[in-house]
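The values are calculated or read from the model by the stated rules, or taken from the named source; none is laboratory data. What you see is a predicted model; the values in this text were computed from it and never measured. Neighbour counts are summed over all protein chains in view; Cβ atoms, including those assigned to glycine, are modelled from backbone coordinates with ideal geometry. To get the accessible areas, we keep the full protein, side chains included, count just its heavy atoms, and leave off ligands, DNA and RNA. Shrake-Rupley method; radii C 1.70, N 1.55, O 1.52, S 1.80 Å.
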Amino acid sequence: MSKKIFCLGLSTVLLALSVRADAQQPKKVPLIGYLSSSDPATESARSEAIRLALRERGYIEGQNIAFEYRYSEGKRDRAPELAAELVRLKVDIIVVAGGARWVRPAMNATKTIPIVMTGLGLDPVEAGVVESLARPGGNVTGITNLTRELGGKRLELLKETVPKVARVAVLYDPANTGSVREVKEVLPVAARALRLTIQPWEVRAADDFERVFTAMGKQRPGGLYVLGTALMNDNEKRIVGFALKSRLPSMYFTRGAVEAGGLMYYGADTAESYRRVAIYIDKILKGAKPADLPVEQPTKFEFVINLKTAKQIGLTIPPSVLARADRIIK
């Protein structure tokens, strides 16, 4: 056997072994970091829509995709630490279920890992996390639910439901700039048109609720409007309990609050928004860049009424309002 033939044969064998070794190398399973402003129980119900939508696209958790969950449980100061943990784990994407106060720590932790927003009322342009909805420009994209823009519609529905209502108490967190803008700019305009008086009540921490509830009770408002922030979401059972005890017709920012006993919810279909997040994950894993993926606005809204609660507080919902509901809880 000539030296030339021997070398050619050896090269062929080595190439075959290399190909076999490459074929036997397991594929890297994409790791998705999930940063939530809420707690595991609350977020699990929401994130289930993402998992189901991913499954429809061939991603099965535990097989060809994995998640690392981090929950701040409403504690804003934990967000930077949890975001940094996900970056250290070298996740492929960070999904942020929270407003700007949770998106920003993720942005500070990484300039390269894609960040996908789930859409909890955040105006990403106003908050400075993207350059524009059409061209985000950085490593952040996802969903914005424009919940702040629906304040007038929510007040209108509350007025239609309770025609005699004259004063509406508004619970809000003054640390949330979006909530402050709604209380000072959006709601007053809508209230004047509806001949309503707005009574803003600041809640800065969980310890403030009892004091505010006591003071609010003395003012005897005819309705309650709750702005959605992490602080409100984490205390929604307390708020719902107060509204029931005070027999107050109430309007909320989340469907979960109505499922917990609140009277009404109007806003973007959150389950649909979470399903859309799966599309962003899929596109990014296939090579798309967040900077080129437009931030989506909601196309589907829902009006939910808890009829059981209405009966409990002695309220008869007008047939015209019931007919407009997308879902009625009995």
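Observations on the structure shown:
- Electrostatic dipole magnitude of the stretch 283-330 [Cβ: Lys, Arg +1; Asp, Glu -1; Cα centre; debye, to 20]: 200 debye
- Remark: C-alpha extents of the stretch 219-263 on the principal axes read 26, 17, 14 Å, sorted largest to smallest.
- Accessible surface of the stretch 226-330 [probe 1.4 Å, protein heavy atoms]: carbon and sulfur percent: 50 percent
- The DSSP beta bridges internal to the stretch 238-330 are antiparallel in roughly 50% of cases.
- Count Lys and Arg as plus one, Asp and Glu as minus one, and take only other residues whose Cβ is under 13 Å from that of ILE328; the net charge is then +3.
- As a length-normalised measure over Cα pairs under 8 Å and 6 or more apart, the relative contact order of the chain settles at 18 percent.
- Mean projected area in nm² (Cα convex hull; one quarter of hull surface) for the stretch 131-233: 7.9 nm²
- Anchor LYS111: aspartates and glutamates whose Cα lies under 13 Å away (excluding residues fewer than 8 positions away in-chain): ASP92
- GNM top mover of GLY137, GLY58, GLY267 - the chain, alpha-carbon springs below 10 Å: GLY58
- Rounded to 10°, Cα long-axis angle of helix 151-161 versus longest principal axis of the chain: 50 degrees
- Test item: Cα-centred dipole of the chain, Lys/Arg +1 and Asp/Glu -1 on Cβ, debye: 320 debye
- The share of accessible area on the stretch 57-147 that comes from carbon and sulfur is 49 percent, using a 1.4 angstrom probe.
- Under-5 Å amide H pairs with GLY119, H placed in peptide plane, nonlocal only: GLY98, ILE143
- Entries of LYS159/LYS308; LYS159/LYS300; LYS75/LYS289; LYS237/LYS308; LYS27/LYS75; LYS164/LYS330 with Cα pairs more than 26 Å apart: LYS75/LYS289; LYS27/LYS75
- Note on the chain: with a GNM built from Cα contacts shorter than 10 Å, the maximum mean-square fluctuation among LEU227, LEU52, LEU158 falls on LEU52.
- Computed over the stretch 259-330, the quotient of the alpha carbon radius of gyration and 2.2 N^0.38 Å is 1.58.
- Taking the C-alpha atoms only, the angle from helix 270-285 to the longest principal axis of the chain is near 20 degrees.
- List THR141, THR197, THR42, ordered by accessible area with a 1.4 Å probe, largest first: THR197, THR42, THR141
- Two-decimal ratio, the chain, of alpha-carbon radius of gyration to 2.2 N^0.38 Å: 1.24
- Environment charge of THR214, counting only residues whose C-beta is closer than 14 Å and scoring Lys/Arg +1, Asp/Glu -1: +2
- Accessible area per residue, Å², the chain with all protein chains present, probe 1.4 Å: 49 Å²
- C-alpha long axis of helix 236-245 to longest principal axis of the chain, angle in °: 20 degrees
- Bridge orientation summary for the stretch 176-330: considering DSSP beta bridges with both residues in this region, about 40 percent are antiparallel.
- DSSP beta bridges confined to the chain are antiparallel in about 10 percent of cases.
- Farthest toward positive dipole pole in the stretch 222-330 [+1 Lys/Arg, -1 Asp/Glu at C-beta], among VAL295, GLN312, LEU224: GLN312
- The stretch 180-298 has equivalent-ellipsoid semi-axes of 34, 17, 14 Å, by the square roots of 5 times the alpha carbon gyration tensor eigenvalues, sorted largest first.
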